[in-house]
Structure formats: C-alpha cells, structure tokens
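Q: Can you keep this structure in mind? I'll have questions shortly.
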Amino acid sequence: LKKVMNQPEQIVKEMLEGMILAHPDRLRGIKESGVLLRTDAPVEGKVGLVSGGGSGHEPAHGGFVGKGMLDAAVAGEVFTSPTPDRILEAIKAVDSGKGVLCIVKNYTGDVLNFEMAVELAAAEGIEVDSVVVNDDVAVEDSTHTTGRRGIAGTLFVHKVAGAKAESGATLPEVKETARKAIGRIRSMGVALTPCTPPEAGKPSFTLEEDEIEIGIGIHGEPGVKRTKLLPASRLVRTLFDRIREDLPFKAGDRVAVMVNGMGSTPLMELNVVHKELMACLREKEMKMVEAWVGEYMTSLDMAGFSLTLFQLDEELEALLAQPADSVTIRRGGN
Amino acid sequence: LKKVMNQPEQIVKEMLEGMILAHPDRLRGIKESGVLLRTDAPVEGKVGLVSGGGSGHEPAHGGFVGKGMLDAAVAGEVFTSPTPDRILEAIKAVDSGKGVLCIVKNYTGDVLNFEMAVELAAAEGIEVDSVVVNDDVAVEDSTHTTGRRGIAGTLFVHKVAGAKAESGATLPEVKETARKAIGRIRSMGVALTPCTPPEAGKPSFTLEEDEIEIGIGIHGEPGVKRTKLLPASRLVRTLFDRIREDLPFKAGDRVAVMVNGMGSTPLMELNVVHKELMACLREKEMKMVEAWVGEYMTSLDMAGFSLTLFQLDEELEALLAQPADSVTIRRGGN
Amino acid sequence: MNAKDVAGWFQRYADVIEEKKAWLTELDSAVGDGDHGANMARGWKEVRNQLKTFEGGLPEVFLLVSRTLISKVGGASGPLYGTAFLRMSMFLKGKEEIGHDDWPALLKAASEGIGQRGKVNGGEKTMYDVWAVVSETAEKRAGEPVRTSHLLEWAREKAEAIRDLRALKGRAAYLGDRSVGHRDPGAESTVLLFETLHQTVSSRGGNGRER
Amino acid sequence: MNAKDVAGWFQRYADVIEEKKAWLTELDSAVGDGDHGANMARGWKEVRNQLKTFEGGLPEVFLLVSRTLISKVGGASGPLYGTAFLRMSMFLKGKEEIGHDDWPALLKAASEGIGQRGKVNGGEKTMYDVWAVVSETAEKRAGEPVRTSHLLEWAREKAEAIRDLRALKGRAAYLGDRSVGHRDPGAESTVLLFETLHQTVSSRGGNGRER
Ligand SMILES: Nc1ncnc2c1ncn2[C@@H]1O[C@H](COP(=O)(O)OP(=O)(O)O)[C@@H](O)[C@H]1O
Ligand SMILES: Nc1ncnc2c1ncn2[C@@H]1O[C@H](COP(=O)(O)OP(=O)(O)O)[C@@H](O)[C@H]1O
Ligand SMILES: [Mg+2]
Ligand SMILES: [Mg+2]
Ligand SMILES: [Mg+2]
Ligand SMILES: [Mg+2]
C-alpha cells in the first residue's frame, strides 16, 4: 500500500484541512464535521445546495463548492456516506431561509443518511428537499432493486442546479431543474485497475494484466462485465452505445459530455478518449456544446474513466454556460 | 501495459486532437506539427510566448495556452523534445511583430532543439529570445554539467511571463521578468511508482513495495536517492527543507506554492501534502499567498508529487494574480 | 436481561466486531465497497466508550447504541442498525427487563424498522433477511420460551441460506448474478450480534434466566 | 566511398538501428528516459525512406541525413547527430569520394560539431567521447591509412572505457554516481554507426578501396 499519507484514519480530515488551506478565499469548514462551505454561506435570497457522500472521489464534492455551484459539501469517511448529523450541520449552515436542496447520489448509504438528515432538518423547521441522481446505465434500472448508481453525471446536476439557484429561483423550481437534468444524464465507466482504500490497504478487486472491468461504480465495487483490454476506439464505442441507447440520445441532440478520469488515468489518455467520443457523436449526428475532460468524480487511485452524456434543452444549456467559481469548475460570464 | 489508447505511436497526435475538440474556444492546432495555439494568435501588440517539450506531462504544456499565459505550446513525442522545425512553426504563428520568448525547460534535448529553432527564426528576421528554467534542486547546479532540470516550477514562469506580456511589455522586459522569476523558483519531487511510456511498454525503473525514489525528474528518470516509504509529514519536510535551504527562502517571505501530482496520485493525497507543507511554512514564518494543488506537470502515470516554492516580490505577486484563461489555469480579474 | 446485562452484551459485541473487522471488510470487498468492518468498528468502538460511563435504564442503553451508530457509522449499515436499535428502545419504554416473551415483539420492532428504513423485503439478500427470520420464527413459536440459542441458530441458517441468492438491495445488487455464492456482510454482522447475545446469556451461568 | 557507398552505409545503419532499438532503449531506461532507441529508429526509418528516391552527390547524402534527423528525432540525439552530419556534409562540399586521408578531417568536423552543439567536453560520458577519440586518433596517425576496422576498434574501446565514468552531461548526469557502470546509449549508437561503416566497406569485398 503506497500512499502519501500519515495515519489512514486521519486522511479525510487532513485532506479537508489541506483543501481549506489551499483555497481560503473559496472554502471554509465546520470543525470536525467534514463539511466544506462557501465562505459567504448562507447566501441571502438563494436556495442552498448541499451535496456530498463518502470521500475518495476528489475533487468531488468539495471542489464544486462555490458561487454558481454548491453551497456545501459533506464528506464522509472513505467510500462511506456521511452521517445524518453532519449532513444536518451543512443544511443548517447554508439555509438563508429560502430553503435547501440536497443532491444525493443513489447509494443505499447516501440515500438513508441524507433522508434522515432531511427529516431532522424539516423537524427543525427548515424548508428542505432532496433529489437522487442515478445516471449509471451499467446497472439495471428497476424499482424492485437499489436501482442505478449516481456517478460522475452528478456534477452536471450541481452545475445546472447551482446556476438555477443563483438566479433566485425557489426551492421547488431548483428541484424541478435538477430533476429534469437527472432525467437527461447518462453515464458509464470502465476500470483498468482496482483502487486501494487507505484503511483496507488492499485492492478492492483483482484484474489480470490484460483485463478490464466494464460498468464499475466509483467505490471500487466490481463492475458488471470483465473483458480483455480493448483499444480506446472500441472501448469508447462500447460505453457510448450503451449510454446512447439508454435514454435514447438521438440525431440533432445538443449534448454536454464529460470524460472523467477515475483517479490515476493520465490526462493524455482522457484526451484520446475524448477524441474517440467525438467520433461517435459525429457519426450519430449529435452536437457537443460543452466538454469536461479531466478528473471530477474519482475512485481513489483507480485507473479508468467514465463517460457522461447530458441531453440539453434551451434552459439547461444556458444554465450550464452560467458563471461558476468553484475550485474545480471556474468559468466567467458569457 | 495498460493504457487507454489505440496505437502507441499515435497517442500524442490523438491526444492533441482530443484537446482541440474539447476546447475549440481556446485552442487551435497547426496540422501535423504538435503545436497548440491560442485561437486568437498572433495577438497584436503582444510579445508571443512559446513553450513546450516532450509529451507525457499533461496538462503541460497545452493546458497553459490562453490569454494571460502561453500563446503556443509545442508537443514532441512522449518524453522527447519537439524538433526545431515544429518549434519554428510555433514561433512564426505567434509572432505579431513584437517578438517571441521561448520558455524552455533545462534538458539537453529541449535546450538544443529550441536553440536551433531560435537560430532559424532569427535568420527569418523574427525578434526571438529564450529563457531556460532550472528549478529542480535535487540536481547539483554546476556550470560544468547539464545543470538543474526544469520541472513543475516552469508553470509559474508561464503565468508571470504571460501576465507581463499581456501588459504590453517589450520582449526584453518580458524576458527580464521571466529570468527574475526563474531565479526565485525552486522545486523537488518524489516518486512512489515509476511511469510506463506507451511505446516502451515497460516501467522506467522498478521500486519495491515499500520504496520511494526522491529527487526524480519528470521523464521517468531515476531520482537521486532511494528510501523507505515515509509518512506524508516527513516526506514533505524532507523536500521542503532541501528547497528552502537552496534559495534560501527566509522568514517573512511571501511565496506561491505548488503541490504538483505526477500523474496518478489522487487529489486526496495532494491535499494532505498541502496541509503538511503549510505546517512547514508556518514554522519558518513564511506567508503563502497563492497555492496550486493539483496536476500541472505530470510524468505519465507516475505516482508521486513535486513541491515548488516561488519567492514573490511585489511585481511577481501582482502578475501571478492577473487574470488567465487557459484550459488548466483560469482566474478572473481582481 | 436487565440494562446491565444488555450493556454487557453490547460491550462484548464491540470486542467481537473489532476482532472480526478484517473478515467483514473482506466479505464487503467481494460484493460491495470493502468498508463494512471499518464502519461497524468505528460505531461500536464509540458505543463501548459511551457505555463506560453509562448509568441509564434498559431503553436508554438501546437508545445510546442507536444514536451512536447513526452518528458514527455512516454508510448503509449506520442508519439501518441505528433504526433497529431505536425501535427496540421504543418498544422497551417503561421496561426494566427483557423477558422471554418479550423477544418476538422486540425483534419484530427491529426487523420492521430495518425493512422500512431500507425499503427492503425478504429474499433481497441483506441483513433484513436475518432480522426477519429471527423475528418471524420467534413470533410463530409464541407461547414456547425463546432461547438465545434458537435465535442464533435461525440467524445462522438464514445467513447461510441467502448466500445462494442474487442480491437485490445494497451495493451487492450492482453485481447482479455475480453476487450469488457470496456471503452478505450485513447478514453476517447480524449473526455475530445474536452469537454474542447467546454467549452473554450463557456465560452468566447459573442465574437461570436463560433456562 | 562515393555517394552510393555512403547511402548503402546509412541504409544498413537504419536496419541495424531498427534491430537494436529495444537494446538502446533499455540502456537509456537505466540512465535516462528510455527513448534513445525509439528516437533513433524514428529518424533513421525516415532516412531510409528518403534514400529510396535519392539521386544527389556525396555532400547531399550527408545533408539529407542531417536534415532528416534534425526534423524527426527530437531529444538530445537529434540535434547532436544532425549537427555531426551537417558538418560532415559541409566538409565534403565539392567532393565525390571520401578518400583514406579524408577521414581524420571529416571526423574532426563531426566531432567538433557535436562538441559545440552539446557544449560538451571529453570525459563527460556522452557520444562525444566516442566521436572525439575516433577523430583524434585518426588525426594523430596522419600519413598512415585509416581503416574502418580501426575506427570501429577505437570507438568500441572508448565506449567500453567510459562505462566507469560518472556522467556529467545529458540525462545520465542527474544520476550522479549511480551512472557509473552503465553504458551511454548515445556512445553505443555511435559505435554501431562505425560498426556498420566497417561492415559496409568490408562487404564490398574485392574492390580494394579498404585495403
Ligand atoms: N436497503 C437495504 N436494506 C437492508 N439492508 C441493507 C440495504 N442496503 C444494504 N444493506 C445491508 O448493509 C450492508 C452493507 O453495509 P456497509 O458496507 O456498512 O454500508 P455501505 O454499503 O454503504 O458501504 C449489506 O451487507 C446489507 O446487509
Ligand atoms: N550535451 C551533450 N553532448 C553530447 N552528447 C549528449 C549530450 N547530452 C546527451 N548526449 C547524448 O545523447 C544521448 C541520449 O539521447 P536521447 O535519449 O535520444 O535523447 P534525450 O536524452 O533527450 O532523451 C546520451 O546517451 C548522450 O550520448
Ligand atoms: Mg461504504
Ligand atoms: Mg528523451
Ligand atoms: Mg460497504
Ligand atoms: Mg533519452
């Protein structure tokens, strides 16, 4: 187990400290709570946005806290949902009286803990609601099961809900925009290597030198299919087809795309992936209007990537283009 | 060898294509040349800035092309300096008549190829000059040898020289600012794993499960010392001391810092490093005024990081804070 | 069992969890995200700490466990176990002892809590299956005294039986058919809870409450 | 050697480089960045392509090689070899043959070119050491005919001898003392150049120019 760290049990706390020290102009923390806040939270007259989940997905979620995106991110232990009391602290800290929306990734742990926090906040008289993101097409979507996971597409939800909230919209309006976005976002990932959680100290699964795991989540869970390593072009096409057919996306669609590195895949390779993805889009006559290529929702030191497509409409495209000023996503006005 | 790629020989070309496709608003390419340009190059009335080197250091250097930073980046094959004719193309493409400065990392290959390109450009009547960055304190600084390597600190030079050029300064003025910055920047790196060049297909060196290599460069070259894995706090202190004593940095100094990932070290760990670095600075009563924590100058898929300290004066601090709009570094006006 | 006995049970369970941490994590690595051992250990370590200075009555012990698990564990198991202990605490309100005939209703409260919180049904291969079988079987035998050895036996059998199921809830569900044959970590930590209960009761030796 | 002989030499060298690519890269992995084989192969493959349709005279063959290496190789070795071949081309201006007595001055031009371009001196453990010893020894023996077998012998000995040095230039210099004992990749590719020269000349068999 080779990691740059001190005690594995301290890594989340130390990481959060490091983030705040690096970005004191953008972030402040709530002591001992794993919560990172916009320095100016709560923002008067704005719906507060809270997201979070287990750690190990950096820059998610703290990297997306800032004007035009999240008001707070709550970090749990590595790959473990934060507890309700921490989430409650975040909700309280960002509530300006206009209500708070929680953006939750669909994992039993996250859903249950956020659900309890929302109940507690509501009991304290805060107007609070939540949406659950489930963009991972690798997993069967059934009401009888846990359903689809929330993966990298969550960050597009942060962006559009963030812009909507910044516009002064009400909680139901922000929620509606978030739900609309969720309905139009689809993702799927692949791993070339497993990841190694700091406390476990052992890889989450094993892969042969020429094997890859298709349809992985972001917690070192094994994927849905194991195959031989494929060339980038075939790998991208495999994921793209699955994603495209699921919604389905169609000719003429205007889309935002995300090529998300899982933690240890070099940007060089992500750009190769993006080139292949653009070839797929061209072939299907879809129009890319925005591309995020880099690391957004990682899985510790896993090698691999996920693809996300986001079918835009006029409102969503405009929201995506709005200014944002988080550590990871920064864009000026248009 | 597990990489997301097609043919290893095509990886650089495909990566550049991918970058342009992802950022058409910021970047355009010169066909078959490995050159990435600002879409609006040459910029009238502005000294052009060209940098580059072998590929495998992404986001360097293409990620730093944009307003307030580079006008062009020239990419060679993986870990191989670009050839003089490609560099010449870049110089010509960014020359608006106000001259061009090349920012070169100190490696024999880069120095020689840029030198030849500068000679060729001068022969064509272009006002052109170059500076050589040599920030790596791991290597002995002697005029009788190759001297120090240029590593991640180079990106601070891009930033301040870019801001200076944007201000309308002349070529000698921009060069002087770059040289001043170079004199005040010091870096050092450590590897937890080697990297694997796509064509070689084999790791650049081997390390035991509990060994690290201190003082590595950015090309998979072995470092200067091999030791047992250390806790983050001791590792950071080791590099910090070496860097600090070299200039030397002193109490009261205002510094910019960079915690640079080598390619496959998760942001989680880089933030832990940053926390430790801040403890070192506090102890020595140095003041951090700007922090870059992330991947800026990588070495393919190497795990590890480098630290850079940049001793600011009033001019440099102001230049660092100027707006920039490259793919990797974006900041608004102050 | 009175408050002290129950506290003893939980203290013993905290030790067992510490001991079995690596094993639980290993089970979770195979089908989930490899943290069930760490999650449980984090919560129960804190329970042990809290119990050191604890003085309250029977429902309060359960409430303490519930609150501690909810605020320390996170993940799926935190709210689920937390809810189970909360419901048991509520059921025990006003009582000072758990009598033989309290077990069926007590376990039912826990089992229903997990079922509601987890939106889970039987046969979906989670800890719920174990809680449900224990509660239902105890209920069916109404009238006969429920021994902790029975609880343990039913729990063990169920945990063993669901190995062959395909998981439909929790992270293991993502594996689809590949989950078949693997043990469910939460079911196994539940078995350990009943195992420790049985050991606690047995080791009190001749005070006869178990007989 | 006339233009055709020289072209044959370079074609043969291109083959040798392709063959030894992995070995050169391995040498470079130990002390540098593991690309010397790939660098040389990229350049010389293109040289071979260009030579297929080449029709020019003696200096032009050298110029073609120089230009091709400079524009295809990159790295340190591109400009260095490129400069060596450029200087040789300049020296040969107006000539149609390389005679026995041309070798000392021809090699001196190449060696000086590398020395200037690389700002390198003897004993710094680079390809320059090999070029320099070949040129200097040839010069010292002025009057005596220089055989390619001699050039090869001197080159080999030198490349062997510098293994024990500490590198002061090029990437190997970063290794400090750890460079001692390793072969220098550029020195070895230079030895191969002289080896191929010797083979080219020898295999022309009885045309007597070498004897
Ligand atoms: N919806 C659910 N209902 C009941 N139990 C569940 C549910 N989801 C997960 N579990 C239980 O939780 C266990 C996993 O707990 P743990 O690993 O601590 O949390 P996480 O899955 O969040 O990492 C599973 O083995 C399963 O028994
Ligand atoms: N300053 C120099 N002068 C002469 N030869 C040098 C110099 N620097 C490097 N070399 C030679 O170049 C060789 C390395 O070439 P190559 O690996 O192709 O380039 P790079 O070092 O840029 O990767 C070394 O083995 C050495 O012989
Ligand atoms: Mg978990
Ligand atoms: Mg090289
Ligand atoms: Mg788990
Ligand atoms: Mg090399």
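Q: Is it true that some residue in the stretch B:199-213 is touching a Pro at 6+ places or on another chain (Cβ under 9 Å) and at pLDDT 90 or above?
A: Yes, the stretch B:199-213 contains at least one residue that is touching a Pro at 6+ places or on another chain (Cβ under 9 Å) and at pLDDT 90 or above.
Q: Checking C:LEU107 against (1) more than 28 Å from C:GLY176 (Cβ to Cβ); (2) within 16 Å of ligand 3 (Cβ to nearest atom), only one condition comes out false. Which one?
A: Of (1) more than 28 Å from C:GLY176 (Cβ to Cβ); (2) within 16 Å of ligand 3 (Cβ to nearest atom), only one is false for C:LEU107: (2).
Q: Tell me which residues, restricted to the stretch D:170-211, are more than 16 Å from ligand 2 (Cβ to nearest atom) and at pLDDT 90 or above.
A: D:GLU195, D:THR196, D:LEU197, D:HIS198, D:GLN199, D:THR200, D:VAL201, D:SER202
Q: Further question on the same structure: Output the residues belonging to the stretch D:71-88 that are within 16 Å of ligand 6 (Cβ to nearest atom) and either open to solvent by 10 Å² or more (accessible area, probe 1.4 Å) or under 11 Å from the mean Cα position of the chain (by Cα) (or both).
A: Hits for the stretch D:71-88 are D:LYS72, D:ALA76, D:SER77, D:LEU80, D:TYR81, D:GLY82.
Q: Does the stretch A:224-256 hold any residues that are at the interface with another protein chain (Cβ under 9 Å from one of its Cβ atoms), under 22 Å from the mean Cα position of the chain (by Cα) and surrounded by fewer than 24 Cβ atoms within 10 Å (Cβ to Cβ), and which are they?
A: A:VAL224
Q: Same structure, new question: Go through the stretch A:284-319 and count every residue that is away from chain B (no Cβ under 14 Å) and either open to solvent by 30 Å² or more (accessible area, probe 1.4 Å) or in contact with a strand residue (DSSP E or B) (Cβ under 9 Å, 6 or more places away or on another chain) (or both).
A: Number satisfying all stated conditions: 12.
Q: Output the helices (runs of 4 or more DSSP H) that fall wholly within the stretch C:48-151 and possess 1 or more residues being closer than 23 Å to C:GLY37 by Cβ and away from ligand 1 (no atom under 16 Å from the Cβ), or say none.
A: Once the helices (runs of 4 or more DSSP H) in the stretch C:48-151 are filtered for at least 1 residues that are closer than 23 Å to C:GLY37 by Cβ and away from ligand 1 (no atom under 16 Å from the Cβ), what remains is C:58-72.
Q: What are the residues in the stretch A:196-207 that are facing another protein chain (nearest Cβ under 9 Å) and open to solvent by less than 30 Å² (accessible area, probe 1.4 Å), if any?
A: A:PRO197, A:PRO198, A:SER204, A:PHE205
Q: If you don't mind, another one. How many residues does the stretch A:23-50 hold that are touching a helix residue (DSSP H, G or I) at 6+ places or on another chain (Cβ under 6 Å) and in contact (Cβ under 8 Å) with a residue 24 or more places away in the chain?
A: 14
Q: Could you please give the count of residues in the stretch A:270-283 that are within 7 Å of chain B (Cβ to nearest Cβ) and open to solvent by 10 Å² or more (accessible area, probe 1.4 Å)?
A: Selection size over the stretch A:270-283: 2.
Q: Can you tell me which residues in the stretch D:116-138 are within 13 Å of the chain's Cα centre (by Cα) and not β-branched (Val, Ile, Thr)?
A: D:MET127, D:TYR128, D:ASP129, D:TRP131, D:ALA132, D:SER135
Q: Give just the number: which of (1) farther than 30 Å from B:ASP110 by Cα; (2) surrounded by fewer than 16 Cβ atoms within 10 Å (Cβ to Cβ); (3) touching a Lys or Arg at 6+ places or on another chain (Cβ under 9 Å) does D:GLU144 not satisfy?
A: (3)
Q: Of these, C:ARG67, C:ARG42, C:ARG12, which one is under 16 Å from the mean Cα position of the chain (by Cα), under 24 Å from A:ALA75 (Cα atoms) and surrounded by fewer than 20 Cβ atoms within 10 Å (Cβ to Cβ)?
A: C:ARG67
Table: residues versus (1) closer than 30 Å to C:ARG166 by Cβ; (2) in contact (Cβ under 8 Å) with a residue 60 or more places away in the chain.
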| position | (1), (2) |
| --- | --- |
| A:GLY56 | yes, yes |
| A:GLY63 | no, yes |
| A:GLY68 | no, yes |
| A:GLU89 | no, no |
| A:ASN106 | yes, no |
| A:GLY109 | yes, no |
| A:ILE126 | no, no |
| A:VAL131 | yes, no |
| A:ILE151 | yes, yes |
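Q: Here's a follow-up. Which one is nearest to D:ALA172 (Cα to Cα) among residues in the stretch D:15-35 that are open to solvent by less than 10 Å² (accessible area, probe 1.4 Å), within 14 Å of ligand 4 (Cβ to nearest atom) and assigned to a helix (DSSP H, G or I)?
A: D:VAL31
Q: Sticking with this one: Any residue at all in the stretch B:128-139 that's touching a His at 6+ places or on another chain (Cβ under 9 Å) and not hydroxyl-bearing (Ser, Thr, Tyr)?
A: Checking the stretch B:128-139: not a single residue is touching a His at 6+ places or on another chain (Cβ under 9 Å) and not hydroxyl-bearing (Ser, Thr, Tyr).
Q: Right, something else. Among the listed residues B:PRO248, B:PRO231, B:PRO266, which satisfies the condition of being without any contact (Cβ under 8 Å) to a residue 24 or more places away in the chain and in contact with a strand residue (DSSP E or B) (Cβ under 8 Å, 6 or more places away or on another chain)?
A: B:PRO266
Q: Looking at this structure, is D:GLY123 open to solvent by 20 Å² or more (accessible area, probe 1.4 Å) and within 16 Å of ligand 2 (Cβ to nearest atom)?
A: Yes; evaluated as a whole, the condition is true for this residue.
Q: Tell me which residues, restricted to the stretch B:143-196, are hydroxyl-bearing (Ser, Thr, Tyr) and assigned to a helix (DSSP H, G or I).
A: Those that are hydroxyl-bearing (Ser, Thr, Tyr) and assigned to a helix (DSSP H, G or I): B:THR154, B:THR177.
Q: Take D:TRP44 and decide whether it is away from ligand 5 (no atom under 16 Å from the Cβ), within 14 Å of chain B (Cβ to nearest Cβ) and aromatic (Phe, Trp, Tyr).
A: Judged against the criteria, D:TRP44 is not a match.
Q: Now for a different question. Name the single residue, out of those in the stretch C:155-181 being within 16 Å of ligand 3 (Cβ to nearest atom) and under 16 Å from C:TYR128 (Cα atoms), that is most open to solvent (accessible area, probe 1.4 Å).
A: Per the stated criteria, the residue is C:ARG171.
Q: Also, I was wondering about something else. From (1) in contact (Cβ under 8 Å) with a residue 60 or more places away in the chain; (2) in contact with a Phe, Trp or Tyr (Cβ under 6 Å, 6 or more places away or on another chain), pick out the condition that doesn't hold for D:GLU97.
A: (2)
Q: Out of all the residues in the stretch B:148-165, is one or more away from ligand 4 (no atom under 16 Å from the Cβ) and surrounded by fewer than 22 Cβ atoms within 10 Å (Cβ to Cβ)?
A: no
The values are calculated or read from the model by the stated rules, or taken from the named source; none is laboratory data. What you see is a predicted model; the values in this text were computed from it and never measured. With ideal geometry, Cβ positions are generated from the backbone for all residues, glycine too; neighbour counts draw on all protein chains shown. With ligands, DNA and RNA removed, areas are computed over all heavy atoms of the protein, side chains included. Shrake-Rupley method; radii C 1.70, N 1.55, O 1.52, S 1.80 Å.
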